[in-house]
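What follows draws every value from the coordinates through simple rules; no lab data is involved. What you are looking at is a predicted structure, and each value in this text was computed from that prediction instead of being measured. All Cβ positions, glycine included, derive from the backbone under ideal geometry; neighbour counts span all protein chains shown.
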Amino acid sequence: MHQPTGKGRDGQYARLAVLISGSGSNLQALIDEQQRGNLPVQFAGVISNRADAFGLERAKRAGIETKVLSHRGYGKRADYDAALGTLLEALRPDLIALAGFMRILTDGLVQAWEGRMLNIHPSLLPRYPGLQTHQRALDAGDSEHGATVHFVTPELDGGPPVVQAKVPVLPDDDADRLAARVLVQEHRIYPLALLWMAEERLRLAADGAAYLDNRRLDQPVVLTAEQRAPS
Ligand code: GRF
């Protein structure tokens, strides 16, 4: 079993900033794994674009610095992203996790952090980028669905997939039941992907592909429901 080290960067744990907009259940999964000793990161801070995001409460309970940057005060997306970039720089993150962050980032901000920014998306990308993924899977009659962690690139939900987990679509599923089943898997794959980043095993290469242990990921690593998440 690969013992998490993650102490790159002159012997310090990687600094992880997390961006949220809502419940923060993915943030909570990261906090829980870090507290269990399975995710060698230090939380640099949590930024939300909504003051009412419950994820802010989760961060405060874990003693993590929180910032709210409402998008209301900014007419142009680029102005908001400039302010967000300034907040991020102040946190000095090595890694950034978008975790239920419901804003589309401008190319400038993405490019400033490309290769250090991950997102979790509730579909088996490249299927269903964008919103309403669970309903779309149901409407398409898919027999399976799931979640994907991918590098963030300027193309919305288009960055190279890193790890996926699949769930069955069941006959009596509606979007909420399916979303709940997917969310459980999100909480497995996000800590795993960030562990790989913290250990500097996962990287986004100049060829635009993701590499894990210097192996090009032409397909994401796929976790099955019963499989113990490999580290
Ligand atoms: C999750 O389905 C995530 O994939 C999507 O937002 C939902 C809520 O995430 N991006 P969280 O509970 O706020 O982490």
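Sum -39500 (n - 2.57) across every DSSP H segment of at least 4 residues in the chain, then divide by the residue count to get the 222 nm mean residue ellipticity, nearest 500.
Calculated mean residue ellipticity at 222 nm is -10000 deg cm²/dmol.
Kirkwood-based Rg over Rh for the range 25-103 (C-alpha set), two decimals?
Over the Cα atoms of the range 25-103, Rg/Rh equals 0.97.
Can you tell me the length gained on complete extension of the stretch Asn214 to Met102, counting 0.36 nm per residue apart and subtracting the Cα distance?
Separation in residues times 0.36 nm, less the Cα-Cα distance, equals 37.2 nm.
Averaging over all projection directions, find the projected area of the Cα convex hull of the chain and quote it in nm² with one decimal place.
About 12.7 nm², averaged over all directions.
Taking a ≥ b ≥ c as the square roots of the eigenvalues of the Cα gyration tensor of the range 90-142, is the shape rounded (a/c under 1.5), prolate (a/b larger than b/c) or oblate?
On the way: a/c = 2.94, a/b = 2.72, b/c = 1.08.
Taking the square roots of the gyration eigenvalues as a ≥ b ≥ c, the range 90-142 is prolate.
Could you work out the per residue convex hull volume over the alpha carbons of the range 111-231, in cubic angstrom?
Here the figure is 100 Å³ per residue.
Looking at the range 60-151, I'd like the Rg to Rh ratio, where Rg is from alpha-carbon atoms and Rh is Kirkwood's inverse mean 1/r.
With Rg and the Kirkwood Rh in hand, the quotient comes to 1.03.
Most exposed first by the Cβ proxy, i.e. fewest other Cβ within 10 Å, how do Ser70, Ser48 rank? It would help to have the intermediate numbers written out before the result.
Numbers: Ser70 11, Ser48 25.
So the residues, fewest neighbours to most, are Ser70, Ser48.
Suppose every Lys and Arg Cβ carries +1 and every Asp and Glu Cβ carries -1, with no other charges. What dipole size does the chain come out with about its Cα centre, to the nearest 20 debye?
Here the size comes out at about 560 debye.
So for the chain, averaging the separation of alpha carbon pairs under 8 Å that are six or more residues apart and normalising by length, what relative contact order in percent results?
20 percent
Placing unit charges on C-beta atoms (Lys and Arg positive, Asp and Glu negative, everything else neutral), compute the dipole magnitude of the range 24-118 about its Cα centre in debye, rounded to 20. If you can, show how the numbers build up before the last one.
Working: 12 positive and 11 negative charges, 51 e Å.
That gives the range 24-118 a dipole magnitude of about 240 debye.
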